[in-house]
Amino acid sequence: MTTVARLVLGGVLIAAGALKIGNPSDSVLAVKAYQLLPESVAIGVGYALPIVEIVVGVLLVVGLLTRVAAVIAALLMLAFVFGIGWAWANGLRIDCGCFGGGGQLGAGQEPAYLIDILRDFGLALLGVWTVRFPPGRFALDGALGLGGDSADDDLEDL
């Protein structure tokens, strides 16, 4: 189950980052549209986010530093849930920019905030699952002796 959780979460992050990295100005526009961060911070986040998503996604897919990557991924997803909830609560009509694009919605377009929140919360739960349980048999962590199973073993010793 953990293998599936980390592959799904990692795959989504890689896809999201890959769709943004080719056009970083759109990523910056999407972050600015939330009106949540000062402009200078929003610009930095907009440029860094696709890179972070791809790096964390690759770590999850190959199973390297799995628990650290899963913590970062879960925190990213919770930040996205917060941001989308913020936009919704403040009456903003924006595209979440989750998979490229972003910014103000065009005439006749409606935001899909509830679907975006449910998706990202579900992905956050996959991150929590991946943190809690060993990374799975197809993870590099195990091959390199970094499996992290010792935390579970320590709990059993108590």
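Structure notes:
- Gly85 closer than 14 Å to Gly10 by Cα and open to solvent by less than 50 Å² (accessible area, probe 1.4 Å): no
- Checking Leu92, Leu59 one by one, the residue that is at pLDDT below 95 and either among the aliphatic types (A, V, I, L, M) or in a helix (DSSP H, G or I) (or both) is Leu92 and no other.
- Single match in Ala48, Ala70, Ala5, Ala74 (criterion: within 12 Å of Leu123 (Cβ to Cβ), part of a helix (DSSP H, G or I) and either in contact with a Phe, Trp or Tyr (Cβ under 7 Å, 6 or more places away or on another chain) or open to solvent by 40 Å² or more (accessible area, probe 1.4 Å) (or both)): Ala5
- Yes/no for Ala107 being farther than 28 Å from Thr2 by Cα, in a helix (DSSP H, G or I) and not hydroxyl-bearing (Ser, Thr, Tyr): no
- Hits in the range 44-68 (condition: closer than 17 Å to Ala18 by Cβ, touching a residue at least 24 places away in the same chain (Cβ under 8 Å) and touching a Ser or Thr at 6+ places or on another chain (Cβ under 8 Å)): Leu49, Pro50, Leu59, Leu60
- Lone unmet requirement of (1) touching a helix residue (DSSP H, G or I) at 6+ places or on another chain (Cβ under 8 Å); (2) open to solvent by less than 40 Å² (accessible area, probe 1.4 Å); (3) of a type outside the set (Val, Ile, Thr); (4) more than 22 Å from Ile21 (Cα to Cα) for Gly122: (1)
- Scanning the range 23-40 for residues that are without any contact (Cβ under 8 Å) to a residue 24 or more places away in the chain, within 18 Å of Trp86 (Cα to Cα) and either in a loop (DSSP other than H, G, I, E, B) or among the polar types (S, T, N, Q) (or both) turns up Leu37, Pro38.
- When we screen Asp116, Asp120 for residues that are in a helix (DSSP H, G or I) and more than 11 Å from the chain's Cα centre (by Cα), the only hit is Asp116.
- Scope the range 126-141; condition in contact (Cβ under 8 Å) with a residue 24 or more places away in the chain and open to solvent by 90 Å² or more (accessible area, probe 1.4 Å); matching residues: Trp129, Arg137, Phe138
- Checking Ile21, Ile14 one by one, the residue that is closer than 20 Å to Phe99 by Cβ and open to solvent by 80 Å² or more (accessible area, probe 1.4 Å) is Ile21 and no other.
The values are calculated or read from the model by the stated rules, or taken from the named source; none is laboratory data. Predicted model, so just to flag it, every value in this text is computed and none were measured. Quick reminder, even Gly has a Cβ in these numbers, built from the backbone with ideal geometry, and neighbours come from all protein chains shown. When the accessible area is computed, the model is the full protein with side chains, heavy atoms only, and any ligands, DNA or RNA have been set aside. Shrake-Rupley method; radii C 1.70, N 1.55, O 1.52, S 1.80 Å.
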